[in-house]
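All remarks here apply to the structure that follows.
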Amino acid sequence: MEQNERSRRQFLATALLAGVATGCGVKKNPFEDYAGKDVAPSGETVKLLSVDGDIIEMDKAFLKPVPDLPPLTNLEERKGIAGKKFVMVIDLARCKNVGACRKACNHAHQLNPGQNWIKVLGMQDADHDAPYWQPTTCMHCDEPPCVKVCPVDATFKREDGIVLIDSDRCIGCRFCMAACPYTTRVFNWEEPHFTEEAPLAAFIPAKAKVAEKHYSCETSMPQKIGTVSKCDFCPDMARKGELPHCVSACPNGVFFFGDMNEDSVTNGAETFRFSELIKDKSGYRLMEDLGTKPRVYYLPPVNRNFPYEAGLENNPSDIKNVK
Amino acid sequence: MKNENLLSEQQITADLLPQKFGRRGKIWTAVLLMIAFAGAFAYYRQLRYGLVVTNMGDYVSWGIYISNFVFFVAISLVGSLITAIFRLADIRWATPLTRIAEIIAVSAIVFAAIIIVVDMGRPERFMNLLLHGRLQSPIIWDVIVITTYFFISLLLLYFPLLPDLKILIGFKEKSSKLLNKLYRFQGSFWRGTPGQFHISDKAISILCITIIPVAFCIHTVTSWLFATTYRPGWDSTNFGAYFVSGAFLVGAGAVIVAMFVFRKAYGLQKYITYIHFDKMGKIVVLLALLYLYFNVNEYLVPAYKMKKPEEAHLTELFSGEFAPVFWFAICVGMVFPIIILLFKNGRRPLPAFIAAVMVVVGAWFKRYLIVTPTLLHPFLPMQNVPDRYHHYFPSISEWAIAMGSLAGVLLIITFFARIYPIIPIHETIAENEAVA
């Protein structure tokens, strides 16, 4: 009897193991579940590195994209990135009014034609002063007048110095637009136009459009009708350790972005100590006497790389053609 | 020695009971309703397509909705002037005007709130003001004081109405069944006993005292919507007093207009007499001179200095694109009415009415001048923007909505006068007996 029992147990255990092994073996493609049963192999393969250090080859169709970062809660977005104090330095000696910053920003945030978060202004302070090109972004002031007047806390100042807008809360009263002395804010007077071509179109399944993306204050997308918007210092890029779109796009290295806590700013190619850069080049801020304490510093247009006239030909066609 | 002009109680009651609309009344109401419906349709379009139906843009982000808002808040201050201040100062001749003033005040403040919601980009998120309201924002202060003022004004309309409701209930054959139901619902508890009068008088006194600081608050806080910003033309310490004095002026003008219209429409010559026009005319002169004084401070002092941001703004007002509107508002809104009303013959009903209409129209354009020109002169230059950004003229939708809101104010006043006696019956009787 005991013999029989033992052998029965053995038989059962072996059968079970065999069954498990078979079950495991049937799943030739460990990603099949995630890709969905109805996904046909496309024939294109990619090489991937497994966690064990093996190189495996797999069909591209079975890959399912996941977002770069887990979605943040509204509270986390309002709090900001800990330990950072973002600052921007704009070197007016290098600006030629190429407008690449403006185009990159408008495209990355899918702004309507005519809406510009970055305005490149031709400035001349007085009759005998030299004219220069001045890119103006949101100053992300430390004493922001826009935040002071917002009745519903839809615009707020974060720990990392960034002033953001929560388009889910904004009631569209436009008091912040009246209060901003730098007139940097724009308003969504109509339903935002979205192009089919979202910036990450290659990674989004064909059906997904920008409008259906989950709204995040940090990406400021998708824009919503009847709410205000402005430059946000691209905190979503900062979380990935990347520079804002304008900084990367400028061919002349005009924009420097960095962290005051680290005392460093970079334009992608060059990195400087922020305090030394400001001291050496005599950096200043716009409308200092209003007491807004902006976080964008300007380096004066001295020893310029290009004459002012070189920028006159770059008229923004996308603005000119807007009715 | 009996005063020949003494009227009997029956006479007074017969004269002052609300009358049905005549032909003119019906045409008036029909026109107002059409304008109001046009405004409502324009608002439906705005809800559907967004604020793009207006001619506002990223620079002129506030337009005639906001200037209409300021205008309505200004007019609604008159309630506290005539009702509260005159009552407290025991100025008896103004008693027939108290209800006119109060209904103008209530009606105007209601539409001030409505036009602000119309201006919002996301009106469905109105509750955010209550759920996430930030006490440091001038808009929240405005919401608080305007709501308070509305309720106090409503009570100051209702309490003195109670004795009149009793009279109306007594004359039930003169009103329709529906109106009688309304009167009974609102005032059947009022017996007219000395005890009730004591409570009512005390309540009215307390309300009159509280409404005065609240009235100063509503227009001061509204002025702070502009004065708390840095912009040239708005960044002024003068704004609180400047706005309040302007509000008293336009309110007094509106009362003269209403006096004249009701007097003509309802044959109230015995109750709104030449004396009323004479005295109100003098008050308007005083208020217009006061407002002119504040305007001098507001415009000539910065013009003396011509600071850079203000230079373009002031030049445009004095001699530029806005010069016609500016001088129209100053001359027609202040100077000409002063000249007309300084003379005794100018204070007769018709000339006083004309002067008052000039005051009100001039005031509307003045409020427009406070809001828009400043926005066209930002600190940083407006470059590479569509041509239309450099000018602002309201679109048809905006005009429709703005006129619709004005029509709404007039409709509320018209319907009120149809339902309730526009001159307090009980108080007129009481004063007549006191004179005898």
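Where a number appears in this text, it was derived from the coordinates with a stated rule and is not lab data. These numbers come from a predicted model, not from an experiment. Ideal geometry is used to build each Cβ from the backbone, glycine not excepted, and the neighbour counts take in all protein chains shown.
Counting only the Cα atoms, region B:113-162 fills a convex hull of 95 Å³ per residue.
Note on region B:252-293 and region B:44-81: Cα centroid distance 28 Å, given to the nearest whole angstrom. Across peptide B:133-142, the mean count of Cβ atoms from other chains lying within 10 Å of each residue's own Cβ comes to 5. Per residue of peptide B:372-382, the mean number of Cβ atoms on other chains within 10 Å of the residue Cβ is 3.
Per-residue ellipticity at 222 nm, computed for chain B from helices alone with -39500 (n - 2.57) per DSSP H run of at least four residues, works out to -23000 deg cm²/dmol. Ratio of Rg to Rh for region B:326-436: 1.17 [Cα atoms; Kirkwood radius as inverse mean 1/r over pairs].
Given a cut-off of 24 Å, what percent of all Cα-Cα pairs of region A:214-323 lie beyond it? Result: 42 percent of Cα pairs exceed 24 Å.
The long axis of helix B:138-158 is offset from the longest Cα principal axis of chain B by roughly 10 degrees. Averaged over the residues of A:161-172, the number of partner chain Cβ atoms lying within 10 Å of the residue Cβ comes to 3. Here's the picture: charge each Lys and Arg Cβ at +1 and each Asp and Glu Cβ at -1 in the protein assembly as shown, and of B:LEU406, A:PHE187, A:LEU111 the one pushed furthest to the positive end of that dipole is B:LEU406. Model label sites at B:GLN383 and B:VAL301, defined 7 Å from Cα along the beta-carbon direction, differ in position by 3.5 nm. Positive-end ranking of B:ILE82, B:LEU16, B:VAL53 along the dipole of region B:1-97, with charges on Cβ about the Cα centre, is headed by B:VAL53. Give me the net charge of B:TYR149's neighbourhood, meaning all other residues with Cβ under 15 Å from the Cβ of B:TYR149; Lys, Arg count +1, Asp, Glu -1. Cβ neighbours under 15 Å give a net charge of -2.
Of the trypsin sites (Lys or Arg not before Pro) found in region A:212-311, the ones in coil according to DSSP and having at most 14 other Cβ atoms within 10 Å of their Cβ are A:LYS240.
Phi angles of region B:15-30 translate, via the Karplus equation with coefficients 6.51, -1.76, 1.60 and θ = phi - 60°, into HN-Hα couplings of 6, 9, 4, x, 10, 5, 5, x, 5, 5, x, 5, 5, 4, 5, 4 Hz per residue; Gly and Pro are given as x. Remark: the protein assembly as shown carries a charge dipole of roughly 3000 debye about the Cα centre, counting +1 on each Lys and Arg Cβ and -1 on each Asp and Glu Cβ. Based on the reciprocal of the average 1/r between different C-alpha atoms, the Kirkwood radius for region B:19-58 equals 12.1 Å. Relative to the 2.2 N^0.38 Å rule of thumb, chain B has a C-alpha radius of gyration ratio of 1.03. All C-alpha to C-alpha distances of region B:228-335, sorted into 10 Å bins beginning at zero, yield P(r) values of 13, 35, 28, 15, 8, 1 percent in whole numbers. Rg of the Cα atoms in the protein assembly as shown, relative to 2.2 N^0.38 Å, amounts to 1.25. Within region B:326-426, the trypsin sites (Lys or Arg not before Pro) that combine a DSSP coil assignment with at most 13 other C-beta atoms in a 10 angstrom radius are B:LYS344. Simple spin-label estimate for A:HIS214 and B:MET34 gives 5.5 nm between the two label positions (7 Å along the Cα-to-Cβ direction from each Cα). Under a crude label model (7 Å from the Cα following the beta-carbon direction), how far is B:THR210 from A:GLU190 in nanometres? My value for the distance between the label points is 4.9 nm.
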